[in-house]
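Asks: I'd like to ask you about the structure that follows.
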Amino acid sequence: MFKRLAILWTVVRGDALALWRALRHPLAPGWLKWAVGGVLLYLLSPVDLIPDVIPFLGVIDDIVLVPLAIRFILKKLPAALRADIGPRPR
């Protein structure tokens, strides 16, 4: 599980930091905490769309779905909040 988290962190580091800044911002909408909680629950949950026992494919769903979900959440933030949290570091 830690290997999976390390791979995911490498993929989504910039977006995760932007999401963290958005969570701590005073203009953060109420739905943001629920959305981030849902992504974390999916990431840490043993229930996946593709089971992890299937070699390679079990990790791919996490590597694809979690970054897409984070990117979707960041795009749905209000424009003022996106401007305040700044550009995503690369």
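The values are calculated or read from the model by the stated rules, or taken from the named source; none is laboratory data. These numbers come from a predicted model, not from an experiment. Note that each Cβ is placed from the backbone with ideal geometry, even for glycine, and that neighbours are counted across all protein chains shown.
Asks: Please go through region 31-68 and pick out each residue that is under 14 Å from residue 20 (Cα atoms) and among the aliphatic types (A, V, I, L, M).
Replies: Across region 31-68, the qualifying residues are 32, 35, 36, 39, 40.
Asks: Answer yes if at least one residue in region 46-65 is within 15 Å of residue 85 (Cβ to Cβ), aromatic (Phe, Trp, Tyr) and either modelled with pLDDT of 90 or more or over 9 Å from the mean Cα position of the chain (by Cα) (or both), and no otherwise.
Replies: no
Asks: Still on this structure, I have one more. Return the only residue of 86, 58 being at positive phi and of a type outside the set (Val, Ile, Thr). Explain how you work it out, then say what you get.
Replies: On the way: 58 fails: at positive phi.
Just a single option satisfies the conditions, and that option is 86.
Asks: Shifting gears a bit: Residues of region 74-90 being farther than 19 Å from residue 10 by Cβ and modelled with pLDDT of 75 or more, which ones? Can you show your working first?
Replies: Kept after step one, since they are farther than 19 Å from residue 10 by Cβ, are these residues of region 74-90: 75-87.
Selection gives 75, 76, 77, 78, 79, 80, 81, 82, 83, 84, 85.
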